[in-house]
């Protein structure tokens, strides 16, 4: 019965005819759950607009008769390159997400003005689905000494990974038993939920415009983002890429795979162009500490790029 109820819940309401713009790639994956982690998923449940909508919004002020950018792709790339954001605020997507509570709490920080909204499964009204997250061996690591909110996954013994997983499973099962015991003696759900740890799953609906979606993806697909969150962001990004391919390509070229340089970093680069060893310039330019480490990371990213053939 529960599975049948879930199936019915996924069916769209009303007739499936429309006069609005539709995207073949989006229609094919609409309401399809894409698995993430052990029990989570990402599901696109609605969308409004396309790359074409971005162009239409831009040309209201840009003018269809202008000769500087004649093609839609060129216009979208121009907008992204020069950080003209309002046209890409017009398309929207809506999602159904199932994720551990600790990921959801970080997700909710992305409430840029009026462009994002959330509705979460309430444990005041309903009982938990009893799914909880247990990290796989590949996700377990030691505390990073230089990044207080990060992990290092090098040289972690397999037996320590097994111990960690067993501790999480045992704590989760005990917490669930305590929750059920409180419910059985008629303690209110809003009180009983206090015994549940943050690795229990929750579900929520999420609406986001395209411009702020790209900002979300830039932050949450970054190498230093929470690894579990990166798994969700990568799945969302792959879906967004199917719906808005031209905009996503511009996002990859000018934001995701691009780098910005500070005034101090540009000073170092100028000396590098002159043939000077950058190690001799850092201190004189005023680069030190975390700023220096981040700059070296940018240089490593540049060196890893393929040469133009």
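Readers should treat all values here as calculations from the given coordinates under stated rules, not as data from a laboratory. Just so it is clear, the structure is predicted and the values come from calculations on it, not from any experiment. All Cβ positions, even for glycine, are placed from backbone atoms using ideal geometry, and neighbour counts span all protein chains on display.
Inter-label distance, residue 21 to residue 38: 4.3 nm, where each label sits 7 Å from its Cα along the C-beta direction.
You can think of it this way: the chain between residue 238 and residue 283 has 12.1 nm of extra reach, that is 0.36 nm per residue less the Cα-Cα gap.
Once you keep just the Cα pairs under 8 angstrom separated by 6 or more residues, what percentage relative contact order results for the chain?
Reported relative contact order: 22 percent.
Describe numerically, in nm with one decimal, the distance between label points set 7 Å from Cα along Cα→Cβ at residue 178 and at residue 204. Placing both labels 7 Å along Cα→Cβ, they lie 2.4 nm apart. Take every pair of alpha-carbon atoms less than 8 Å apart whose residues are at least six positions apart; their mean separation over the length of the stretch 135-198 yields a relative contact order of 23 percent. Which residues does a label at residue 252 reach in the stretch 210-227, if reach means a backbone N under 20 Å from a point 7 Å past the Cα toward the Cβ? Backbone N within reach: 210-224.
By the count of neighbouring beta-carbon atoms within 10 Å, fewest first, 145, 88 end up ordered 145, 88.
Stretching residue 195 away from residue 219 to a fully extended chain increases their span by 5.5 nm, per 0.36 nm per residue minus the current alpha-carbon distance. Counting 0.36 nm for each residue step from residue 138 to residue 124 and taking away their Cα separation leaves a gain of 1.6 nm. Here the residues 246, 42, ranked from fewest to most Cβ neighbours within 10 Å of their Cβ, fall in the order 246, 42. Shape call for the stretch 174-279 from the C-alpha gyration tensor, a ≥ b ≥ c root eigenvalues: rounded (a/c under 1.5), prolate (a/b greater than b/c) or oblate? Prolate, since a/c reaches 1.5 and a/b exceeds b/c. Ordering 50, 262 from the fewest to the most neighbouring beta carbons within 10 Å gives 262, 50.
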